[in-house]
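What follows is a short report on a single structure.
Taken together, the values in this text are just the output of simple stated rules run on the coordinates, not laboratory data. Computed from a predicted structure; not experimentally measured. Note that we place each Cβ from the backbone using ideal geometry, even for glycine, and neighbour counts take in every protein chain shown.
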Amino acid sequence: MTDPAPQPLSRRGFLQAAAVGLAAVATGLAAFMAARFITPALPHAQLSDFTLDLPAAYPEGQSFVPTARIFIERRGNRFRCLSAECTHLGCIVAWNAPRREFDCPCHGSVFTADGAVLKGPAARPLPVLRLTRDAGGRLLVQRRTSVAPDQAWITI
């Protein structure tokens, strides 16, 4: 017995195969985008040390440093540094001075002035970064080193 010759693909068969293929691609893309939306962010900013200005350049309270994506807080002669990147998806948080908290404009996370999570979807606090001074007296942010909030303050 011999096998019959394969039949050429009909127009209807081709269109059905193309529709199934497009549906599979669209489903895969939607699943990827949904997973990216709900997955916590990795740090976006550079991980090298970052040299800032002299301490006198920072006024009392919170100062945002956009090039480093950080906040420098000054209380008298004491300073500390918090990352400005939301731990949910890496959006830049904003300081809300009247409520003394950081608000994420992307998905609504709220953090205390110390960086602790008040309201999700962020599950981790804002990193408190080690702050020191370089040989010239300028502030130096050590991005690779997070510290406990009670060890964050340096006195100048």
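One table, with the values for the structure above:
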{"quantity": "Cut-off 13 Å between beta-carbons: net charge of the residues surrounding residue 18, Lys and Arg +1, Asp and Glu -1", "calculated": "+2"}
{"quantity": "Rel. contact order, % - alpha carbon contacts under 8 angstrom, at least six apart, the chain", "calculated": "20 percent"}
{"quantity": "Principal-axis tilt of helix 11-38 within the chain, Cα atoms, nearest 10 degrees", "calculated": "20 degrees"}
{"quantity": "Against the rule of thumb 2.2 N^0.38 Å, how large the Cα Rg of the stretch 72-115 comes out", "calculated": "1.17"}
{"quantity": "Karplus-derived 3J(HN,Hα), 6.51/-1.76/1.60, for each residue of the stretch 147-156, Hz, glycine and proline x", "calculated": "10, 5, x, 6, 10, 7, 7, 10, 9, 9"}
{"quantity": "Per-residue [θ]222 nm for the chain (sum of -39500 (n - 2.57) over DSSP H runs n ≥ 4, rounded to 500)", "calculated": "-6500 deg cm²/dmol"}
{"quantity": "Cβ-placed point charges (K, R +1; D, E -1), dipole of the chain about Cα centre in debye, nearest 20", "calculated": "60 debye"}
